[in-house]
Amino acid sequence: MPNRPPARGRLVLDTQVWVWAVEGMTERLDPKALTAIEQAARASTLAVSAISVWELAMLVKRGRLRLTTAVSSWIEASLRPPGVRIIPVGAALALDSIQLPDFDHHKDPADRLIVATARRARHPPDL
């Protein structure tokens, strides 16, 4: 049976993985990660945390990342494929981010928010 994204939920990309995937830098991705991304793209279940938009803009602003287009244009183009969406960061995710197990492992607040977003997106609460 081939690996598939979860029946429910979305695959949330880390900021750097998002850049590599959009820019076609697949050699930087682990083959299993690339397969998961491709499967989620086909299933229209790819997502990016809103904090990644901020992090991407900050990397460009600080000169640590160069894009061939303006940040807003790059983001807009990256979201064109059907099923790719940005997950907003709200109060519940902010709280989740400080309640993650192994708090000291993810010291970067943006990374903590991405992890919390991914956990929630993979297993969304039943409403």
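Just checking, which of 89, 19 is surrounded by 18 or more Cβ atoms within 10 Å (Cβ to Cβ), part of a loop (DSSP other than H, G, I, E, B) and either at pLDDT 90 or above or not charged (D, E, K, R) (or both)?
On inspection, the qualifying residue turns out to be 89.
Criterion first (in contact with a Phe, Trp or Tyr (Cβ under 9 Å, 6 or more places away or on another chain), within 15 Å of residue 15 (Cα to Cα), surrounded by fewer than 19 Cβ atoms within 10 Å (Cβ to Cβ) and in contact (Cβ under 8 Å) with a residue 24 or more places away in the chain) does residue 110 satisfy it?
yes
So, residue 47, is that one under 30 Å from residue 91 (Cα atoms) and assigned to a helix (DSSP H, G or I) or not?
no
Hey, could you check the range 24-35 for residues that are without any contact (Cβ under 8 Å) to a residue 24 or more places away in the chain and closer than 20 Å to residue 114 by Cα and say which is surrounded by the fewest Cβ atoms within 10 Å (Cβ to Cβ)?
Out of the qualifying residues, it is 30.
The values are calculated or read from the model by the stated rules, or taken from the named source; none is laboratory data. On a predicted model such as this, the values are computed, not experimentally measured, just so you know. Don't worry about glycine lacking a Cβ; one is built from the backbone with ideal geometry, like all the others, and counts go over all protein chains shown.
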